[in-house]
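This report concerns only the one structure given below.
The values are calculated or read from the model by the stated rules, or taken from the named source; none is laboratory data. Note that the structure is predicted; figures quoted are calculated from it, not measured. A quick note on method: Cβ atoms are made from the backbone with ideal geometry, for glycine too, and the neighbour counts reach across all protein chains shown.
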């Protein structure tokens, strides 16, 4: 079986965390059964539909004035947890 390569656009700096999550949910009006979450040194968390890799939502922490970075993403139940 040939490998499939997907390039996900949007992060401006290094991706520091990736999470694949099976979850029946509606995100930004789209029904999904699998999510891909990524966090990055660009201070954003991005939520993708892991079936078609469309970007569903971007959470930004640019409003935080002190130096920080997003380093790890995990899940607990239906919640995503990001460690800064």
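Conditions (1) in contact with a strand residue (DSSP E or B) (Cβ under 8 Å, 6 or more places away or on another chain); (2) farther than 13 Å from residue 11 by Cα; (3) modelled with pLDDT of 85 or more, marked per residue:
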| residue | (1), (2), (3) |
| --- | --- |
| 36 | yes, yes, yes |
| 50 | yes, yes, yes |
| 54 | yes, yes, yes |
| 58 | yes, no, yes |
| 73 | yes, yes, no |
| 78 | yes, yes, no |
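Restricting attention to the stretch 21-33 and to residues that are exposed (fewer than 11 other Cβ atoms within 10 Å of the Cβ) and in a strand (DSSP E or B), the residue that is nearest to the chain's Cα centre (by Cα) turns out to be 22.
Scanning the stretch 34-68 for residues that are surrounded by fewer than 14 Cβ atoms within 10 Å (Cβ to Cβ), over 13 Å from the mean Cα position of the chain (by Cα) and over 20 Å from residue 24 (Cβ atoms) yields 62, 63, 64, 65, 66, 67, 68.
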